[in-house]
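Inspection log for the structure reproduced underneath, given as structure tokens.
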Amino acid sequence: MGKAIEFVKINKRFPGVHVLKDISFSVEEGEVHALLGENGAGKSTLLNILHGVYGEYEGAVLLHGKEVHFKSANDAIKNGNISKVHQEIMVVEELSVGQNVTMGYEPKKGAFIDFNKMHNDVDAILKELNCNFKSRDIVRTLTAGQKQMIAIAKAIYHHSNIISFDEPTASLTSKETEALFAVIEKLKKDGITILYVSHHLEEIFQICDRATILRDGEFVQTLNVKETTEDELIHAMVGRSVSAVASRTIPCQATKEVVLKVEGLTDTTGGKFKDISFELHRGEILGFYGLVGAGRTEVMRVLVGADPKLEGNIYLKNVPIPRNWNSTKALSRGIGMLSEDRKNTGFNKLATNMQNIAISSLEKYMKGLFFTDESKKLKNAEHYFEELDINPKLPAYMTVNMSGGNQQKVILAKWMSTDIDIIIFDEPTKGVDVAAKAEIYRLMEELVSQGKSLIVVSSELPEAIGLSDRLVIMSEGRITGILTDRSEFDSDAILNYAIGGNE
Amino acid sequence: MKNFYVKYKREILVFVATLILCVVFTVLNPQFLTWRNFLTIFQQMVLNGLLAVGIMFTILTGGIDLSIGCTFAIVGIAVATCTVGGMNPVMALVIGLVVGAVLGLFNGFLVTNLKLQPFIATLGTMSLYRGIAYVVTGGVPVTNVPDSFRNIFNGQIGESGIRYYVIVMLVVFIVAHVILSKTRTGDYLYAVGGNEEAAKLSGVNTRKTKYIAYIASGVCTAVAGLVMLASLGSAEATAGIGYETNAIAAAAIGGTSMAGGRGTALGTFVGALLLAVLKVGMVVINVDSFWQYVVTGLIIIVASYFEYAKDDFAAFLARHKN
């Protein structure tokens, strides 16, 4: 078999940063090749070069032995038969599946779209992929996993023989992930070459043949997945040994004191959750496990005042919350949340690190009654750059340009700059690399040892089990189980609660 | 100094463009470069400058206030009626500001409490306020505003020819600059415009912040209405029609992002200055005023294209250097 992709001495520079340094490796035809590395290692940049998003680089990209230089992602799809399935699902919700798949290349009959041909062609592809939906379905009605399939169908529609997947499982349930893997297996059988990027190492072992590891923009090595271990992969990625598994290094810090008590919280208009009651103790890490869509985030949004409280009672340190509860009041009562959708709701993309860290605690950086003092904001930002080891340590750097783990730390620094003592983490390690994950776990332990109380919403079972002192399990908007002892944390039992089968 | 350049790159660029424009006009007619003409330019920019700095507050939050031209008319009518009726001029002035604030407050209510899209909400109040102006006056102008009121704005400093209303505009810009760059309110305005949901989750009072933006817009507009009334001595319901477009143009040329979260008082000032230089310059070189529209349109397009394309442009230059 020949080489599907060859990278030869690829160098890429952005103003002031050398992001890819002399990258050379190749991908065999018909293999599933993993591309691994921490956030900021250069994986996305390399994919962007391969798919024509970045036209400016040094070195050469060869496809099937021929040098290519794509001008745009479209050029790559059309002339290189190479497609990408993105981490974020990118679809037009109000159009049909067929229209999404063929977008820009619709079959024509004269000046009009030939809808019959479109739907026939696309239905054939969907059948090929074992999809249980039709070309005429409106995308809005599909699940996240089904929407992901649209991107794959699109690649096949364009006769791509190389498809790269950039964290395709990020928004999929475990069942959808299994379905995706079956499709990938099938694509492989059809001779399609696959480049696979993921932070989930177990996925790599499940479906990949070989793995190339990048670190700080440099090529580390290419490994045969069958001949390696998880530890070896992590070591190659991080450059040192890190535990990928969430675990506790200090004993439970929880006290008897109840800092948050929720009684009968119900979403009477949207029906997203019903009759939610639980308690949070000082110094506790309370896990919230459930499948995607179990209603956990919706509950948390009410607790922090992002959505109105409709029915039920919430007590913070034994004092009920006021009627017109909002996020500003929540902040003054000491409760805040790190949202799951970091990119869209986590921070201001137009603001610098310093501004993003300061925004919730501006009253601490005053000069007189009315004016803010930039130098105090700067000092505060620098303090947390050190304490949380945020990189790069540049206050004037735009947060949007940081890696996922460091963005998460900037948001954490924002909350630590305030006086809140109840912090809700919603999927804190989603899209975060192994080393940053371990650091975030360590920071959580540090927070509880300072007497703060944490709620950790997680859809990753090992994380929920590894971190929590107690574990609340939700299914379809209800609490189906509360496990109060770590010895009871059994993954089968937890999953059973999570799918609602507790009877 | 280097920091100033990095922070205000766009503003400096627009200012340089304005200077170039001045040079061109001076070459075409040396009369352009006189103290008198200089004063004319500043007098020309006062109304648009005040309206632009107001509307900028709403644009910063990701909104817009299309009703400013109509608020402008209502304030003029209200204050004219008061002063003609013999009210103390300072009292009337305060009433004018309050009327502007209340009209802005109502816009804020529609946008935050009723959650209407700002464009639609203020499109509605634009017609509503204009209608009120017509109904109240019956279409008849209110005239003979006493000099005691007019002199508050029309007087000049000694014999310099610098009118008080120019000073008033400068003060409004300075206050806006200080609010945006040195107060918590400023930080919150940028945070809400940059990412409203993130700001909300950060505990920022997004409702209050948006109210402040629309009230600021109403108050700045009211100041413009007062200046207009003082210089004309009369008020009518048709005043200010279409003024919102020029105000948006000044803010946009100065680098205010229509998506919110980006823009400065300094930029809006320079944007309004550029438009005034253009207006006065065209008159000085005897170009038909109709051409003003053509040139203004082109400048808006070029300015925003430059903002959009500057990275491409830098890459283009870098490529051709080698």
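The values are calculated or read from the model by the stated rules, or taken from the named source; none is laboratory data. Because the structure is predicted, anything quoted here is derived from the model rather than measured. Using ideal geometry, Cβ is built from the backbone for each residue, glycine included, and neighbour counts are taken over all protein chains shown.
Could you tell me which residue of segment B:105-121 is surrounded by the fewest Cβ atoms within 10 Å (Cβ to Cβ), considering only residues that are of a type in the set (V, I, T) and in contact (Cβ under 8 Å) with a residue 60 or more places away in the chain?
Filtering segment B:105-121 for residues that are of a type in the set (V, I, T) and in contact (Cβ under 8 Å) with a residue 60 or more places away in the chain, the one surrounded by the fewest Cβ atoms within 10 Å (Cβ to Cβ) comes out as B:T112.
Note down all Cβ pairs under 6 Å where the first residue falls in segment A:97-124 and is closer than 10 Å to A:Y157 by Cα, the second is basic (K, R) and outside any strand (DSSP E or B), and they're at least six residues apart or on different chains.
Listed by first residue and then by second, the contacts come to A:V101/A:K154.
Please count how many residues of segment A:455-503 are of a type in the set (A, V, I, L, M) and closer than 19 Å to A:V245 by Cα.
10
Go through A:D419, A:D485, A:D490, A:D426 for me and flag whichever is surrounded by fewer than 21 Cβ atoms within 10 Å (Cβ to Cβ), in contact (Cβ under 8 Å) with a residue 40 or more places away in the chain and not polar (S, T, N, Q).
Being surrounded by fewer than 21 Cβ atoms within 10 Å (Cβ to Cβ), in contact (Cβ under 8 Å) with a residue 40 or more places away in the chain and not polar (S, T, N, Q) holds for just one of A:D419, A:D485, A:D490, A:D426, which is A:D419.
Which of the residues that make up segment A:11-35 are polar (S, T, N, Q) and touching a Gly at 6+ places or on another chain (Cβ under 9 Å)?
A:N11, A:S24
What's the number of the only condition in (1) over 27 Å from B:G194 (Cα atoms); (2) surrounded by 19 or more Cβ atoms within 10 Å (Cβ to Cβ); (3) charged (D, E, K, R) that B:E244 fails to meet?
With respect to (1) over 27 Å from B:G194 (Cα atoms); (2) surrounded by 19 or more Cβ atoms within 10 Å (Cβ to Cβ); (3) charged (D, E, K, R), B:E244 is out only on (1).
In segment A:1-23, which residue that is closer than 18 Å to A:T193 by Cα and among the small types (G, A, S) is farthest from the chain's Cα centre (by Cα)?
Among them, the one singled out is A:G2.
Run A:A381 past the list (1) under 20 Å from the mean Cα position of the chain (by Cα); (2) more than 17 Å from A:D341 (Cβ to Cβ) and report the number of the one that doesn't hold.
(1)
Residues of segment B:128-156 being within 20 Å of the chain's Cα centre (by Cα) and more than 19 Å from B:A216 (Cα to Cα), which ones?
B:R130, B:F153, B:N154
Of the residues B:A265, B:A230, only one is in contact with a Lys or Arg (Cβ under 7 Å, 6 or more places away or on another chain), under 30 Å from B:V90 (Cβ atoms), modelled with pLDDT of 95 or more and not aromatic (F, W, Y); which?
The match here is B:A230.
In segment B:150-166, what count of residues is obtained for those that are at positive phi and either within 14 Å of chain A (Cβ to nearest Cβ) or without any contact (Cβ under 8 Å) to a residue 12 or more places away in the chain (or both)?
The number of residues fulfilling the criteria is 1.
Step by step: first the residues of segment B:184-203, then only those that are under 21 Å from A:F371 (Cβ atoms) and of a type outside the set (G, A, S), then the one that is farthest from the other protein chains (Cβ to nearest Cβ). Which residue is that?
Looking at the filtered set, the residue picked out is B:L189.
So which residues in segment B:151-166 are under 18 Å from B:G96 (Cα atoms) and either at pLDDT 95 or above or of a type in the set (F, W, Y) (or both), if there are any at all?
Listed by number, the residues that qualify are B:F153, B:Y164, B:Y165.
Which of the residues that make up segment B:122-145 are under 16 Å from B:V79 (Cβ atoms), surrounded by 15 or more Cβ atoms within 10 Å (Cβ to Cβ) and not aliphatic (A, V, I, L, M)?
B:Y129, B:T137, B:P141
Is there a residue in segment B:222-238 that is surrounded by fewer than 24 Cβ atoms within 10 Å (Cβ to Cβ), more than 14 Å from chain A (Cβ to nearest Cβ), β-branched (V, I, T) and within 19 Å of B:V53 (Cα to Cα)?
The answer is no; no qualifying residue exists.
In segment A:41-55, what residues are touching a strand residue (DSSP E or B) at 6+ places or on another chain (Cβ under 8 Å) and not hydroxyl-bearing (S, T, Y)?
Selection gives A:A41, A:G42, A:K43, A:L46, A:L47, A:I49, A:L50, A:H51.
Out of B:V23, B:V16, B:V46, B:V90, report the one residue that is crowded, with 23+ Cβ neighbours inside 10 Å and part of a helix (DSSP H, G or I).
Testing whether each residue is crowded, with 23+ Cβ neighbours inside 10 Å and part of a helix (DSSP H, G or I) leaves just B:V46.
Going by the structure shown, is A:I390 crowded, with 22+ Cβ neighbours inside 10 Å, modelled with pLDDT under 95 and on the phi < 0 side of the Ramachandran plot?
yes
Restricting to segment A:296-310, what's the tally of residues that are more than 14 Å from every other protein chain (Cβ to nearest Cβ) and more than 23 Å from the chain's Cα centre (by Cα)?
Of the residues in that region, 2 qualify.
Confirm whether B:A222 is closer than 28 Å to B:T26 by Cβ and under 18 Å from the mean Cα position of the chain (by Cα).
no
If the requirement is being out of contact with any His (no Cβ under 9 Å at 6 or more places or on another chain), within 23 Å of A:I156 (Cα to Cα) and either among the aliphatic types (A, V, I, L, M) or buried (at least 20 other Cβ atoms within 10 Å of the Cβ) (or both), which of these qualifies: A:L172, A:L223?
A:L172
Being β-branched (V, I, T) and either at the interface with chain A (Cβ under 10 Å from one of its Cβ atoms) or under 24 Å from A:K349 (Cα atoms) (or both) is the filter here, so list the residues in segment B:204-220 that pass it.
The answer is B:V204, B:T206, B:T209, B:I212.
If you take the residues in segment A:357-377 that are more than 7 Å from chain B (Cβ to nearest Cβ) and in contact with a helix residue (DSSP H, G or I) (Cβ under 6 Å, 6 or more places away or on another chain), which one is surrounded by the most Cβ atoms within 10 Å (Cβ to Cβ)?
Once the filter is applied, the top-ranked residue is A:I357.
Failed condition for B:G218, given (1) free of Cβ contacts under 8 Å to residues at least 60 places away in the same chain; (2) part of a helix (DSSP H, G or I); (3) not acidic (D, E), with all others met?
Status for B:G218: all satisfied but (1).
Would you check which residues across segment A:330-356 are within 28 Å of A:Y315 (Cα to Cα), more than 7 Å from chain B (Cβ to nearest Cβ) and crowded, with 16+ Cβ neighbours inside 10 Å and list them?
A:R333, A:G334, A:I335, A:L338, A:E340, A:R342
Give the residue, chosen from A:V122, A:V61, that is under 30 Å from A:L20 (Cβ atoms) and not aromatic (F, W, Y).
A:V61
Can you name every residue in segment B:191-214 that is buried (at least 24 other Cβ atoms within 10 Å of the Cβ) and among the aromatic types (F, W, Y)?
Listed by number, the list holds a single entry, B:Y214.
Can we say B:N88 is of a type in the set (S, T, N, Q) and farther than 26 Å from B:N154 by Cα?
For B:N88, the condition - of a type in the set (S, T, N, Q) and farther than 26 Å from B:N154 by Cα - is not met.
Search segment B:86-104 for residues that are without any contact (Cβ under 8 Å) to a residue 12 or more places away in the chain and pair each with any residue that is of a type in the set (S, T, N, Q) and surrounded by fewer than 15 Cβ atoms within 10 Å (Cβ to Cβ) when their beta-carbon atoms are under 9 Å apart and the residues are at least 6 apart or on different chains.
B:N88/B:S148
Can you find even one residue in segment B:167-183 that is within 14 Å of another protein chain (Cβ to nearest Cβ), surrounded by 17 or more Cβ atoms within 10 Å (Cβ to Cβ), assigned to a helix (DSSP H, G or I) and hydroxyl-bearing (S, T, Y)?
Yes, segment B:167-183 contains a residue that is within 14 Å of another protein chain (Cβ to nearest Cβ), surrounded by 17 or more Cβ atoms within 10 Å (Cβ to Cβ), assigned to a helix (DSSP H, G or I) and hydroxyl-bearing (S, T, Y).
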